[in-house]
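Worksheet: one structure, shown below.
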Amino acid sequence: MASNQANQMVSEMARVLKERREGIGASMNALASASALDRAALHRAESGERIPSLSFWVDWADTLGVPLEKVMAEARKRVGKPAGKPPERRPLV
């Protein structure tokens with residue numbers, strides 16, 4: 001099971017990409033056509049219903065012209081999770 005911060009980051013990453021799509025004035029249908037990604041899968045990813053695979057994230061970001069690394073950095077900034085820090089953990093004993 002992923003940490004709360006990781007789950008928050010995934011949600012923020014989807015928001016970043018949705019904001020980018022809307023910012024360039026592209027419809028979800030246009031994005032699906034340009035990327036060969038399924039429109040229903042894009043909808044589920046943008047709405048947070050599903051967490052897509054890494055290859056989906058790469059294609060999604062690349063089609064929108066933004067490196068996935070920048071998407072992740074923005075999401076980290078929004079949720080306050082420093083890079084390279086382990087997720088919060090409960091003690092084992």
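What to note about this one:
- Unique match (being open to solvent by 60 Å² or more (accessible area, probe 1.4 Å), under 25 Å from R78 (Cα atoms) and polar (S, T, N, Q)) among N29, N7: N7
- Residue tally, condition within 16 Å of R20 (Cβ to Cβ) and open to solvent by less than 80 Å² (accessible area, probe 1.4 Å), over the range 49-65: 10
- Subset of the range 17-26 (residues that are of a type in the set (A, V, I, L, M, F, W, C) and either modelled with pLDDT under 95 or surrounded by fewer than 19 Cβ atoms within 10 Å (Cβ to Cβ) (or both)): I24, A26
- Sole exception among (1) open to solvent by 70 Å² or more (accessible area, probe 1.4 Å); (2) assigned to a helix (DSSP H, G or I); (3) closer than 21 Å to M1 by Cβ for A14, by number: (1)
- Against the criterion of being part of a loop (DSSP other than H, G, I, E, B), touching a helix residue (DSSP H, G or I) at 6+ places or on another chain (Cβ under 8 Å), modelled with pLDDT of 90 or more and among the basic types (K, R), R50 qualifies.
- Selected residue (criterion: surrounded by the most Cβ atoms within 10 Å (Cβ to Cβ)) from residues of the range 66-89 that are assigned to a helix (DSSP H, G or I) and not charged (D, E, K, R): V71
- Selection count where residues are touching a residue at least 24 places away in the same chain (Cβ under 8 Å) and more than 11 Å from the chain's Cα centre (by Cα), scope the range 39-58: 0
- The set of residues in the range 16-27 that are within 15 Å of the chain's Cα centre (by Cα) and free of Cβ contacts under 8 Å to residues at least 24 places away in the same chain comprises E19, E22.
The values are calculated or read from the model by the stated rules, or taken from the named source; none is laboratory data. This structure is a prediction, so every number in the text was calculated from the model and none was measured. When we count neighbours, we look across all protein chains shown, and the Cβ atoms used for this are built from the backbone with ideal geometry, even at glycine. Only protein heavy atoms, including side chains, enter the accessible area calculation; ligands, DNA and RNA are left aside. Shrake-Rupley method; radii C 1.70, N 1.55, O 1.52, S 1.80 Å.
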